[in-house]
Structure formats: structure tokens, C-alpha cells
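The values are calculated or read from the model by the stated rules, or taken from the named source; none is laboratory data. Given the structure is predicted, the values throughout are model-derived calculations rather than measurements. When we count neighbours, we look across all protein chains shown, and the Cβ atoms used for this are built from the backbone with ideal geometry, even at glycine.
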Amino acid sequence: MATEHIDFFEFNNSIFSMIREISHKIDILLQDTAQELGITTLQLKMLITLYANKDAVSIGNLGKAIGVTGGNISNICKKLEKQGFVTRIRSDEDERVVNVELTDKGRDAAERVGIYFDEIRADIPTDKIDVNLQTIIDELQALEELLDNYISRSGL
């Protein structure tokens, strides 16, 4: 028996709904740490993204990574710089490019998130969590590749 292809609109609605719910739940999990630090969950996500990258990241690439547009990401960076979480450095190669890197305070803030997640999942066997999370990441990467293929085939 042939498997029926999932309807595009059903797929689209399911994916958008899941992405919104996942993002909302991540915000809930980050909320307490963000409040303790005196920043928003979006600002904390930015610190986490910078921490994961280890090196300085351009404001443009940082905005793409967390889904925030140019002017908004610049304002977030300015606020975080005033609070001592990041430093902004103009690129030597192209003065239009501003790179952002974590300060020690910013690294400490990002590391607090890791400590918090370790605490809340302490009673769950980590081998199951890590396997499940890796499967989810692998499948999301496969979805991204599929969508890239669709974009390529459409000529966009």
C-alpha cells in the first residue's frame, strides 16, 4: 500500500505550530534565569548563541541566528553592552561590520543556563535525553536540507 504524501498546508501548519510552541516553552525555561540577570529571554538567547559560537559574531549573523532584524539586534547589543554582558567591536576589514563578543559577565550568564538545565534534568537518565535530542537535531537538519532543496528547485 502506497503511503499518501502529507498535504502541504497540513505540514506547514504543523511545523509553524510546533516551532511556536517549542520557542514558547524555551522562553518559559529561560525566564527565571533572565529575570535573575535583569535581562529579557531574547537577550539571554543572544548570550547563549554567542557562547555557543565561542568567537565574536557579526551583529548581522547574530540577528539571523536568533531571528531578529538589523535595527532591533543592534539595540539589543547596545543594551547588553551597557549592562556589561558583551562588547561591540568594529571590524578591521570592513568598518560597516560590528562584531559582538561576550565579556566574562556574559559567559557567566550563559553558563548559568547550562547549570540550570543540568539541575532540572538531574532525575532523568541522560543517555535517553541525549539520544532523543540528537535524533531531533538530526531530523531538523534533514528538514532544513529538504526545504533548501525545495527552494533550489523553485528557482528562488
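Worth a mention:
- Restricted to helices (runs of 4 or more DSSP H) entirely inside segment 53-122, those with at least 3 residues that are surrounded by 12 or more Cβ atoms within 10 Å (Cβ to Cβ) and of a type in the set (Lys, Arg) are 104-120.
- Residue selected from segment 27-45 under the condition exposed (fewer than 13 other Cβ atoms within 10 Å of the Cβ) and in a helix (DSSP H, G or I), by the criterion nearest to the chain's Cα centre (by Cα): Ile28
- For segment 54-79, the tally of residues that are of a type outside the set (Lys, Arg) and touching a residue at least 12 places away in the same chain (Cβ under 8 Å) stands at 14.
- Single match in Glu21, Glu4, Glu10 (criterion: modelled with pLDDT under 85 and either part of a helix (DSSP H, G or I) or touching a strand residue (DSSP E or B) at 6+ places or on another chain (Cβ under 8 Å) (or both)): Glu10
- Members of segment 82-99 found to be under 19 Å from the mean Cα position of the chain (by Cα) and modelled with pLDDT of 95 or more, listed by number: Phe85, Val86
- Index of the failed condition, Phe16 passing every other in (1) closer than 24 Å to Glu101 by Cα; (2) assigned to a helix (DSSP H, G or I): (1)
- Conditions (1) surrounded by 11 or more Cβ atoms within 10 Å (Cβ to Cβ); (2) part of a helix (DSSP H, G or I); (3) of a type outside the set (Val, Ile, Thr); number of the one not met by Leu146: (1)
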